[in-house]
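What follows draws every value from the coordinates through simple rules; no lab data is involved. Values in this document were obtained by computation on a predicted structure and should not be read as measured data. For neighbour counting, all protein chains shown are included, and Cβ atoms are generated from backbone atoms with ideal geometry for every residue, glycine included.
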Amino acid sequence: MTNPFRKCQKEQSVRFDKSILAKTDHLNTQLSAKLRNLSIFRQARTFRQMVEI
């Protein structure tokens, strides 16, 4: 006989893990987008400097 409380606890922890994964995934996407924008900005700046020279 399995303990229903333990089963419920396990499901909650799985749900919690999934929400954490979703949040970190979201943050990673935001971070990579920011990094991409930064690298594009940096490239544009160096390109502008080359044009000025």
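Structure notes:
- R0 of 25 Å, Cβ-Cβ distance residue 3-residue 31: FRET efficiency to nearest 0.05: 0.05
- Correct choice for Rg/Rh (Cα atoms, Kirkwood Rh) that was computed from the model, options (i) 1.38; (ii) 0.99; (iii) 1.56: (iii)
- With the helix formula -39500 (n - 2.57) applied to DSSP H stretches of n ≥ 4, the chain reaches a computed 222 nm mean residue ellipticity of -34500 deg cm²/dmol.
- The HN-Hα couplings worked out from phi for region 35-47 by the Karplus form 6.51 cos²θ - 1.76 cosθ + 1.60 (θ = phi - 60°) are 4, 5, 4, 5, 5, 5, 4, 5, 4, 5, 5, 5, 5 Hz, whole numbers, x standing for Gly and Pro.
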